[in-house]
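First the structure, in the form of structure tokens, and then the observations on it.
The values are calculated or read from the model by the stated rules, or taken from the named source; none is laboratory data. Just so you know, these numbers come straight off a predicted model, no measurement behind them. For neighbour counting, all protein chains shown are included, and Cβ atoms are generated from backbone atoms with ideal geometry for every residue, glycine included.
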Amino acid sequence: MTMPLNAAAAAALLCLGAFGPAAGGAAPTPAGAAGPGPATPARFVPGPCPKTPEPVQALSTARCGTLEVPENRARPGGRTVKLAVAVVPAVSAKPARDPVVFMSGGPGGETFDDIPFLVSSGLNRDRDLIVMAQRGNLYDTPGLACPELDRFYAASVGLPSYAPSTQRLMADAVKRCRDRLTAHGVDLSAYNSTENAADFADLRTALGIEQWNVYGHSYGSDLALTYLRLHPRGIRAVALDSVTPPQSVSLPFAWASAREGLDNIYEACAAEPRCKSRYPDLERTLNEQVRKLDARPLTLNVRPPQGGDPVKVVLDGGALLNVLVAKAIPFADVPAAIDELARGRPERFARARAAGSVEEAGQTAHGLTQSVVCAEWVPGHSASDVLDAGRRAFPDWPEPVQAQAPQLAFQEQMCRIWKVPDRTAVQRVATSSPVPVLFVNGTFDMKTGASWAQKTARTLPHSTIVRIPGIGHWAVPQSPCAQKVLASFLARPAAPDTGCVAGLGWEPFTITPK
């Protein structure tokens, strides 16, 4: 689950009937879901690899093309969509016969710029790596980018987080994007996890692959579990990084995850003598700053970390939380940043917020983001439910902050504009399967709390759960140990070697002079 503090943060993304069939069985179509139907068969068309803004070395040897599938499988004879695909060859001269397919986060996160992280993590060491841009993504046809929202997120660093004026600007951007996409004939209701999962099932068949492994992170883990439930045939093993369980993900889910990640940082600081001595009241200090800045926001002009001219930044209670959840400040620096803020030095927080001012047009498929969030995550919980979750998570914080889920501000109101059907009845379903599943989670993750792995594994009897201390969202690229565990799991799904986890700690916290 990865929702935007800004356009770049959106790509990192911040979080359902009966159980699905056993592996190898036929997958039924849930009532109301977009089923396969007698639509145009999917086909893979070889073609050139996408031209990415920054060169991706692995694409120079990849086999690329597009998967053509129906936009809406419930409407036979309707239009098709084209999804960009790359098959990155294994490094090994004798690769395993079962490749690994990657499901990216978001929803709506750009997929091809994840390839360097996947390759450096060893995903294609012993088997081919298959990457497909989820429908609506960059390099797909149609693309569901929203430059209107890209501009809003870039400007929002200089706006009060939860002011009515900010909500109106966001609503205007969402409406203009929706009106433009629908005017071009896009069926926004077809951009959902059921259709996404069917796309991957069609990809396996179109490529002639008998069996493969699935690796998904954040929203990609939500999609992987949906895929395992609806299309279990041909799945050998599933690895879930920073799990976002489809039966649980919601606006209240975001509050629970933020609390868990922050609690783990507080506990880690308390367990480190120098940190405990230097920052003895870390939680109380942050609570005081959230209240203080919500009452009297700071406005500063700061230079973004990426360089360029100074930009206007507003620091208020909501901004503090969202900066932390977005991992915009390195975890080792979080106690120091909170302490400095309390001492009248807001520069670390201000620079982290300013990073979102750089507009990355087209990198996020906001149309897919809004369609998934509005159909699958938002329905079923009232505004009072979200406020109650905020109060449970942070009872000392002011109500305007508690009322908006982290990185999902105004989402209920935006969904009234986006207008896609409620899909919770067919999506908020726990996946039950005998397929081996690996959960890898970072203890400092404030987007998808690490404890959700245990809850999700209750219906997945052949699960292995690994917690990586001191790591945040999307653990594998950040942790050599997590990479070893994943490689071992892909080699032996029933008995992965998790021995490296036992001696792990976290990076020591930054200690600043008083």
Query raised in the report: Is there a residue being part of a helix (DSSP H, G or I), of a type in the set (A, V, I, L, M, F, W, C) and over 28 Å from ASP113 (Cα atoms) anywhere in the range 365-379?
Result: no
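Yes or no, residue by residue, for (1) crowded, with 21+ Cβ neighbours inside 10 Å; (2) part of a helix (DSSP H, G or I):
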{"site": "ASP396", "(1), (2)": "no, no"}
{"site": "GLN404", "(1), (2)": "yes, no"}
{"site": "GLN407", "(1), (2)": "yes, no"}
{"site": "MET414", "(1), (2)": "yes, yes"}
{"site": "ILE417", "(1), (2)": "no, yes"}
{"site": "PRO421", "(1), (2)": "no, no"}
{"site": "ALA425", "(1), (2)": "no, yes"}
{"site": "SER432", "(1), (2)": "no, no"}
Report summary line: Within the range 34-70, the residues that are modelled with pLDDT of 95 or more, closer than 26 Å to THR424 by Cα and either out of contact with any helix residue (DSSP H, G or I) (no Cβ under 6 Å at 6 or more places or on another chain) or surrounded by fewer than 20 Cβ atoms within 10 Å (Cβ to Cβ) (or both) are PRO70
Query raised in the report: Can we say ARG291 is surrounded by fewer than 20 Cβ atoms within 10 Å (Cβ to Cβ), in contact with a Gly (Cβ under 8 Å, 6 or more places away or on another chain) and in a helix (DSSP H, G or I)?
Result: yes
Query - Cβ-Cβ under 9 Å pairs, at least 6 apart or on other chains, the range 277-295 side within 17 Å of ALA393 (Cβ to Cβ), far side outside any helix (DSSP H, G or I) and of a type in the set (Phe, Trp, Tyr) - result: ASN287/PHE394; ASN287/TRP397; VAL290/PHE394; VAL290/TRP397; ARG291/TRP397; ASP294/TYR162; ASP294/TRP397
Report task. Determine the pairs where a residue that is in a loop (DSSP other than H, G, I, E, B), located within the range 485-514, has a partner that is at pLDDT below 95 with Cβ atoms under 7 Å apart, the partner being 6 or more residues away or on another chain. Result -> none
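Within the range 217-229, take every residue that is out of contact with any Cys (no Cβ under 9 Å at 6 or more places or on another chain) and among the hydroxyl-bearing types (Ser, Thr, Tyr) and give me the one that is surrounded by the most Cβ atoms within 10 Å (Cβ to Cβ). Spell out the reasoning first.
First, pick out the residues of the range 217-229 that are out of contact with any Cys (no Cβ under 9 Å at 6 or more places or on another chain): 217, 220-221, 223-229.
Okay, now just the ones that are also among the hydroxyl-bearing types (Ser, Thr, Tyr), so 221, 226-227.
Numbers: SER221: 34, THR226: 27, TYR227: 29.
Ranking the candidates gives SER221 first.
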Query raised in the report: Can you tell me how many residues in the range 71-94 are outside any loop (DSSP other than H, G, I, E, B) and either modelled with pLDDT under 95 or of a type in the set (A, V, I, L, M, F, W, C) (or both)?
Result: 7
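Is it the case that VAL243 is within 16 Å of the chain's Cα centre (by Cα), of a type in the set (Val, Ile, Thr), closer than 29 Å to PRO436 by Cβ and at pLDDT 95 or above? Before the answer, list the steps.
Details: within 16 Å of the chain's Cα centre (by Cα): yes; of a type in the set (Val, Ile, Thr): yes; closer than 29 Å to PRO436 by Cβ: yes; at pLDDT 95 or above: yes.
Yes; evaluated as a whole, the condition is true for this residue.
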Requested in this report: Collect the residues in the range 213-240 that are more than 15 Å from LEU438 (Cα to Cα), over 20 Å from the mean Cα position of the chain (by Cα) and not charged (D, E, K, R), keeping them in residue-number order.
Outcome: LEU230, HIS231, PRO232, GLY234
Report summary line: Of the residues in the range 170-188, those that are buried (at least 18 other Cβ atoms within 10 Å of the Cβ) and part of a helix (DSSP H, G or I) number 7
Requested in this report: Look at the range 246-259 and say how many of its residues are within 15 Å of THR459 (Cα to Cα) and under 13 Å from the mean Cα position of the chain (by Cα).
Outcome: 1
Report summary line: Across (1) touching a strand residue (DSSP E or B) at 6+ places or on another chain (Cβ under 9 Å); (2) surrounded by fewer than 21 Cβ atoms within 10 Å (Cβ to Cβ); (3) within 21 Å of GLN370 (Cβ to Cβ), VAL81 clears everything bar (2)
Report task. Answer with yes or no whether PRO107 is surrounded by fewer than 19 Cβ atoms within 10 Å (Cβ to Cβ) and either part of a loop (DSSP other than H, G, I, E, B) or among the hydroxyl-bearing types (Ser, Thr, Tyr) (or both). Result -> no
Query raised in the report: Going through the range 119-129 one residue at a time, which ones are over 15 Å from ALA93 (Cα atoms) and in contact with a Pro (Cβ under 8 Å, 6 or more places away or on another chain)?
Result: SER120, SER121
Query - Selection within the range 237-267 - crowded, with 23+ Cβ neighbours inside 10 Å, of a type in the set (Gly, Ala, Ser) and outside any strand (DSSP E or B) - result: SER242, SER250, ALA254, SER257, ALA258, GLY261
Query - Answer from ALA258, ALA268, ALA254 - the residue that is of a type in the set (Gly, Ala, Ser) and farther than 24 Å from ARG353 by Cα - result: ALA268
Query - Failed item, numbered, when PRO232 is tested on (1) farther than 16 Å from ASP202 by Cα; (2) surrounded by fewer than 24 Cβ atoms within 10 Å (Cβ to Cβ) - result: (1)
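Residue by residue, here is whether (1) under 19 Å from the mean Cα position of the chain (by Cα); (2) more than 25 Å from LEU228 (Cβ to Cβ); (3) at pLDDT 95 or above; (4) of a type in the set (Ser, Thr, Tyr) holds:
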| position | (1), (2), (3), (4) |
| --- | --- |
| VAL358 | no, yes, no, no |
| GLY362 | yes, yes, no, no |
| HIS366 | yes, yes, yes, no |
| LEU387 | no, yes, yes, no |
| ALA403 | no, yes, yes, no |
| PRO406 | yes, yes, yes, no |
| ALA409 | yes, yes, yes, no |
| ARG416 | no, yes, yes, no |
Report summary line: The number of residues in the range 440-470 that are under 18 Å from ALA254 (Cβ atoms) and not in a helix (DSSP H, G or I) is 11
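Tell me the residue from GLU359, GLU347 that is of a type in the set (D, E, K, R) and in contact with a Pro (Cβ under 9 Å, 6 or more places away or on another chain), please.
Details: GLU347 fails: in contact with a Pro (Cβ under 9 Å, 6 or more places away or on another chain).
None of the others qualify; the one that does is GLU359.
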**Report entry** Cross-chain or 6+ apart pairs with Cβ under 8 Å, the range 252-269 first and over 28 Å from GLU376 (Cα atoms), then assigned to a helix (DSSP H, G or I) and aromatic (Phe, Trp, Tyr)
**Finding:** ILE265/PHE331
Query raised in the report: Within the group ARG135, ARG125, which residue is over 20 Å from the mean Cα position of the chain (by Cα) and more than 30 Å from LYS312 (Cα to Cα)?
Result: ARG125
